[in-house]
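Quick notes on the structure that follows.
Every number in this text was worked out from the coordinates using simple rules, so none of it is lab data. Source: prediction; values computed, not measured. Note that we place each Cβ from the backbone using ideal geometry, even for glycine, and neighbour counts take in every protein chain shown.
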Amino acid sequence: MWTILVVDDHNLFREGLVKLISHWDDFAVIGEVANGQQAVEKIEALLPDLVLMDIKMPVMDGLEATEKIARRNPSTRIVMLTSSEEEEDLFRAIKIGACGYVLKDIKSDRLRELLIGAMQGEAALSSMMATKIMNEFAKSEYPHSTSQDSALEPLTDRETQVLQLVVEGLTNYEISKRIFLSENTVKKHLGNILQKLHLNNRVEAAVFAVKEGIIKP
């Protein structure tokens, strides 16, 4: 079971979120605070596995708190849970150490799956935020090109299907449910995709797929 610190200045939302998480077998809330300063002060004593961090808060906002926590406690994973759709907030959060960026209009089951993915090393991103990130990366120069690397091994139909769902921002567990495969099989397909495309992780795979036209976002 993973432990969570909830950071949000809206009492009703925070209390509802804590109650929601209490029904999950995978997580346990070990603390809740109302601003970033309190989170920074509590982090050393609580040492949570995961911090759910709002952005717009008084005293100290979530971005400043995230930067401090990521620097002092790099093993603690931080997922922004916010209503802000601003690209500036998104890219700064990822740059300073957040492993995810989720909008508050998300459904509870989807939030749980993203948080499980985050604890397993995946990026926890709302679909809209994943699209923003991939569009931004796709604008920039990328080290791979199908025109330059004709030796790339072609993907199978199933691998292309898995890659499509990775582009859509689904976790391995969600992909397994969508296409009726075991999670281990999905991981194997993803490993094959990365090997064939000479890439290192699922984010690179998603960006490459969109930039090279393998998948349409």
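Things to note:
- Qualifying trypsin sites (Lys or Arg not before Pro) in region 107-138, where qualification requires a DSSP coil assignment and no more than 11 other C-beta atoms within 10 Å, comprise Lys107.
- Most positive-pole-ward Cα, Thr76, Met53, Gly36, against dipole of region 1-93 from beta carbon charges: Thr76
- Selection of chymotrypsin sites (Phe, Trp or Tyr not before Pro), region 151-217, meeting DSSP coil and at most 11 other Cβ within 10 Å: Phe180
- Residues Arg71 and Gln120, FRET efficiency given R0 of 30 Å [Cβ-Cβ distance, rounded to 0.05]: 0.80
- Directionally averaged projected area (convex hull, Cα atoms, the chain), nm²: 12.0
- Distance from region 9-82 to region 162-201 (C-alpha centre basis), Å: 29
- With contacts taken as Cα pairs under 8 Å at a separation of at least 6 residues, region 2-125 carries a relative contact order of 21 percent.
- Ratio Rg/Rh, restricted to region 143-211 and using Cα atoms, in which Rh is the Kirkwood radius: 0.96
- Contact order relative to length of the chain, as percent, for alpha carbon pairs under 8 angstrom and 6 or more apart: 13
- Of Lys68/Lys95; Lys19/Lys107; Lys177/Lys211; Lys19/Lys177, those spanning more than 21 Å from alpha-carbon to alpha-carbon: Lys177/Lys211; Lys19/Lys177
- Straight-line cross-link partners of Lys216 among the aspartates and glutamates, defined as a Cα under 17 Å from its Cα and at least 8 positions apart when in the same chain: Glu136, Asp157, Glu159, Glu168, Glu204.
- Debye log10 I(q)/I(0) at q = 0.12, 0.22 Å⁻¹ for region 2-125, Cα point scatterers: -0.35, -1.42
- Cα gyration tensor shape for region 18-84, rounded if a/c is under 1.5, else prolate or oblate: oblate
- Around Met1: net Lys/Arg minus Asp/Glu count, Cβ-Cβ under 12 Å: -3
- Added length on full extension, which subtracts the Cα-Cα distance from 0.36 nm per residue, Lys107 to Glu15: 31.5 nm
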